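The values are calculated or read from the model by the stated rules, or taken from the named source; none is laboratory data. On a predicted model such as this, the values are computed, not experimentally measured, just so you know. Here the Cβ is made from the backbone with ideal geometry for all residues, glycine too, and neighbour counts use every protein chain on show. Please note that ligands, DNA and RNA were not included when accessible areas were found on the heavy atoms of the full protein model with its side chains. Shrake-Rupley method; radii C 1.70, N 1.55, O 1.52, S 1.80 Å.
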Amino acid sequence: MRVRWGVVGVGRAGRARVAAIQADPRSELIGAWRGRLEGLDVEEYDSVVELIKHVDALAICSPDIFHADQVHACLSARRHVLCEFPLASSSRE
């Protein structure tokens, strides 16, 4: 079984995640949302919600202020999630 991945936020950390996913024979990169996608062989999605519909797992590499909402969206959709730190801006989030 191959894990179908999506990446949110393709900056420095996101590009590293894309490379790692593409190098792993157990993984398949389905697409990405937001960031510097030029030069990468990856499909761009219109929203994080749309990307979540097509993946088993999501790597969240977006700016910190969006992490909590994006993690919540993934978990609510019953998807696996890997999040760059911090997970949230506060304990309340």
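What net charge do the residues around SER62 carry, taking every other residue with its C-beta under 10 Å from that of SER62, with Lys and Arg at +1 and Asp and Glu at -1?
Details: positive: ARG34; negative: ASP64, ASP69, GLU84.
The answer is -2.
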Estimated vicinal HN-Hα couplings, Hz - region 9-21 in sequence order (Karplus 6.51, -1.76, 1.60; Gly, Pro = x): x, 9, x, 4, 5, x, 5, 5, 5, 4, 4, 5, 5
Label of the coordinate-derived value, P(r) over Cα pairs in 5 Å bins from 0, in percent, listed as (i) 3, 15, 27, 30, 18, 5, 1; (ii) 3, 14, 24, 27, 19, 9, 4, 1, 0; (iii) 3, 15, 28, 27, 18, 7, 2, 0: (iii)
Accessible surface, the chain, averaged per residue in Å² (probe 1.4 Å): 63 Å²
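What's the carbon and sulfur percent of the chain's accessible surface, probe 1.4 angstrom, rounded to a whole number?
Details: 3060 of 5900 Å².
Result for the chain: 52 percent of the exposed heavy-atom area is carbon or sulfur.
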Over its Cα atoms, what ratio of radius of gyration to 2.2 N^0.38 Å does region 50-93 give? 1.08
